[in-house]
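**Student:** Please read through the structure below; I'll follow up with questions.
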Amino acid sequence: MTRKVRRFSGGVYDLGLHVVWCPKYRRPVLVGRVAARLEELIRAKADEKGWEVIALEVMPDHVHLFLKHDPKASASYVANQFKGFTSRVLRSEFPHLKSRLPTLWSSSYFAASVGAVSEATVRRYIDTQWERPWKKDTGGKGA
């Protein structure tokens with residue numbers, strides 16, 4: 001596999017980040033139209049920032065995102081860009097998210113740079129989320 005690097009005036013980089021975040025109280029509210037819209041919003045924000053989405057999986061109670069980002073963006077900045085933007089838009093478009101949750105997202109998140117494991121391993125992990133037996137009874141993506 002050829003490594004794709006990006007260049008900017010100060011250097012060359014190839015930064016991969018695996019980010020996971022959950023709705024408040026880990027409520028399974030990311031289904032159906034909400035899940036589809038969330039995916040659209042995440043991709044739009046990534047495009048706006050010039051980040052490349054490598055893998056994305058919206059589960060009913062959490063989100064897995066693997067992306068390539070620029071060296072000036074910290075993991076906390078990346079996570080908070082997605083969480084803040086998507087919360088604002090989703091809560092305005094889906095009023096039931098306001099009535100059920102005081103805030104859409106939990107204040108925490110998980111972030112890991114993709115260097116300790118291969119990109120293929122992270123991609124496979126995210127792509128096989130729906131194959132995990134303890135997730136099959138949640139109604140699936142289209143619920």
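**Student:** What distance in nm separates the simple spin-label points at T121 and A44, each placed 7 Å from Cα in the Cβ direction?
**Tutor:** Roughly 3.6 nm, to one decimal.
**Student:** For W130 and S99, calculate 0.36 nm times their separation in residues minus their Cα-Cα distance, and state this gained length in nm to one decimal.
**Tutor:** So the chain would gain 8.4 nm between W130 and S99.
**Student:** How do V20, V78 rank when sorted from fewest to most other Cβ atoms within 10 Å of their own Cβ?
**Tutor:** In order of increasing Cβ crowding within 10 Å: V20, V78.
**Student:** Once Lys and Arg get +1 and Asp and Glu get -1 on their Cβ, which of V5, S108, I54 lies farthest toward the positive end of the dipole of the chain?
**Tutor:** Positive-end residue among those listed: S108.
**Student:** How far, in nm, would the chain grow between A36 and R6 when pulled straight, counting 0.36 nm per residue and subtracting the alpha carbon separation?
**Tutor:** 7.8 nm
**Student:** For the chain, modelled as a GNM with alpha-carbon contacts under 10 angstrom, which of T86, T128, T103 fluctuates the most?
**Tutor:** T128
**Student:** To continue, here is another question. Just how large is the dipole of the chain about the Cα centre, in debye to the nearest 20, putting +1 at every Lys and Arg Cβ and -1 at every Asp and Glu Cβ?
**Tutor:** 280
**Student:** Take the Cα of D70, step 7 Å along the line toward its Cβ, and report every residue of the stretch 41-61 whose backbone nitrogen sits under 14 Å from that point.
**Tutor:** 46-52
**Student:** Suppose the Debye formula is applied to equal point scatterers at every Cα of the stretch 6-143; what is log10 I(q)/I(0) at q = 0.11, 0.13 Å⁻¹?
**Tutor:** Calculated log10 I(q)/I(0) at the listed q: -0.40, -0.56.
**Student:** So, one more: For the pairs K45/K98; K68/K98; K24/K72; K4/K72, note any where the Cα-Cα span goes beyond 27 Å.
**Tutor:** Violating the 27 Å limit, Cα to Cα: K68/K98; K24/K72.
No value in this document is a laboratory result; all are computed from the given coordinates. Keep in mind that what you see is a predicted model, and the values were worked out from it rather than measured. Reconstructed Cβ throughout: ideal geometry from the backbone, glycine too, with neighbour counts over all protein chains shown.
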